[in-house]
Amino acid sequence: MATKRPDRMIVSAKQGKKKLDKKGGVSRKRGSSGAQISRSSGSQELPAKRNDGLLAPVAALAEASLEEAARKRRSLTNPDMVAIAMDRIRGLRDNGSLTPVSDLAKKYRRDPAVISRAVARAFKQNLVEVREVPRSEERERREDLEERLLEMYPHLSTAIVIANSPEDALDDQPGSMIDPLKHRLLQKLGLAMANSIAKGLLRSDDIIGVGSGRGVNLTIRSLVSCPQLRVKNIALMSLTGSVHSKPNRKRGLWLDADRHVLELADFFLHPPNQYLIGHPLAHHPDDLEKARRRTWLADDKSKRPTLALLGVGTIAKEHRFYVEAEAEPSEQEPFLEPIHDLLVRLKEQCEAALQTNDLSHKFPTYSPAAEMSNVFFHVPPPRGVGLIPNEAEIVDCIRDINGRLLNFQRELMNMQLLLVAGSKKKAHALRALLNSDFKVAHLCTDAAAATEIIHLRA
């Protein structure tokens, strides 16, 4: 009988600054792990000790002065603070208690007060972080639903469907204040996809596109409980510019693709090449092409992903872009300013569409617009609904929004997609993608969404 393991904690150093190499990738700047202190050879030699012993205290004072000068020689760099903070916490793992500050003061030849401040600053400046390691137990798989999906969609190579539990509905209640990264269903979906990746989904020489959003984030976080990825010659490529999305407005908690590339790279035994966008997602039409030319996206000779890890979102209440459309001017995200008015228009068009034929009551989880790692797409209405009067306006608005975004769009058609998304409210969007020209090869979802997809197709 399986037993639950208690939650664990890990401490990880965040990625330092990156620089583009000649191929458009990034290389990591290495910092020293501690202060390297050497005494100046030009110091005046002390005379030999006299019989009266008076020079002994003087020598001791000189030695102390040299030690003090060494401690003050230079200020601590970010890599120094990371190393000190990691050493401080490492004692918990090795000995069950924090490494004493006095030991670190001797190791780094710094004043104990400096050591304490370095640890505090490393956490305050987000150079290191403490993260909860997801429980490694997977939920029961619904093989019956997996087989149905594989039969209905022959292009699917893998279908992972996990069972639901009563607690899932609690996390999805309107106005729920749960931390978005502690959503229990999404955590389990991320773990299921992570285990699938670790068990051989990837191959050496793969070029992997990495998207944004919670599903991708939780998949990457869950890799900490999986064996290290041993495939070689991997390239990781960010698929979209930055939104600086802040779940529940928590500062420093971003779900952008660039950050996901950096975090995913840590789980490979052989460090992969990394390609970042390095620019905001949204741009005014006159600026978009200029921004694209400053990235590797404009290089026709650069590599292109062969598969992509993506999440799916429905443009509805509590979605990041829906919240942006409702935001007061002081709460609007500057990175999304070029598409703010279009998001407002799309929200209004979607709300008008839901009034057609009492659509909002018959299909309360349906929305005519969705996005896949910041690529917007139209979701056709369920069977039997008939034509939505303003459907053409919705499609036009989606086209206008995509026309201002710095990301992969048409190129996604040529990639094998790894989708991780769940809950009944995303079933319509997943159905639309499975019925589209996108090559959805691997799908990780839950029983509620899978059942709805099957019902909508029947």
Every listed condition ((1) of a type in the set (Lys, Arg); (2) farther than 30 Å from residue 445 by Cα; (3) under 29 Å from the mean Cα position of the chain (by Cα)) holds for residue 107 save (3)
Taking region 393-442 as the search range and keeping residues that are of a type in the set (S, T, N, Q) and not in a helix (DSSP H, G or I), which one is nearest to residue 295 (Cα to Cα)?
407
Cβ-Cβ under 9 Å pairs, at least 6 apart or on other chains, region 218-243 side within 13 Å of residue 260 (Cβ to Cβ), far side charged (D, E, K, R) and assigned to a strand (DSSP E or B):
221/131; 221/132
Do we find a residue being β-branched (Val, Ile, Thr), under 26 Å from residue 409 (Cβ atoms) and part of a loop (DSSP other than H, G, I, E, B) anywhere in region 343-352?
no
Here is a list of conditions, (1) within 29 Å of residue 218 (Cβ to Cβ); (2) loosely packed, with under 15 Cβ neighbours inside 10 Å; (3) modelled with pLDDT of 85 or more; (4) outside the structural domain of residue 451 (by TED's automatic domain parsing), and residue 119 meets all of them except one; can you say which number that is?
(2)
Going by the structure shown, is residue 266 among the charged types (D, E, K, R) and free of Cβ contacts under 8 Å to residues at least 60 places away in the same chain?
no
Restricting attention to region 364-402, which residues are within 16 Å of residue 413 (Cβ to Cβ) and hydroxyl-bearing (Ser, Thr, Tyr)?
373
Which of (1) under 14 Å from residue 408 (Cβ atoms); (2) part of a loop (DSSP other than H, G, I, E, B) is the odd one out, the single condition residue 309 does not satisfy?
(2)
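The values are calculated or read from the model by the stated rules, or taken from the named source; none is laboratory data. Note that the structure is a prediction, hence the values are computed from the model and not measured. A quick note on method: Cβ atoms are made from the backbone with ideal geometry, for glycine too, and the neighbour counts reach across all protein chains shown.
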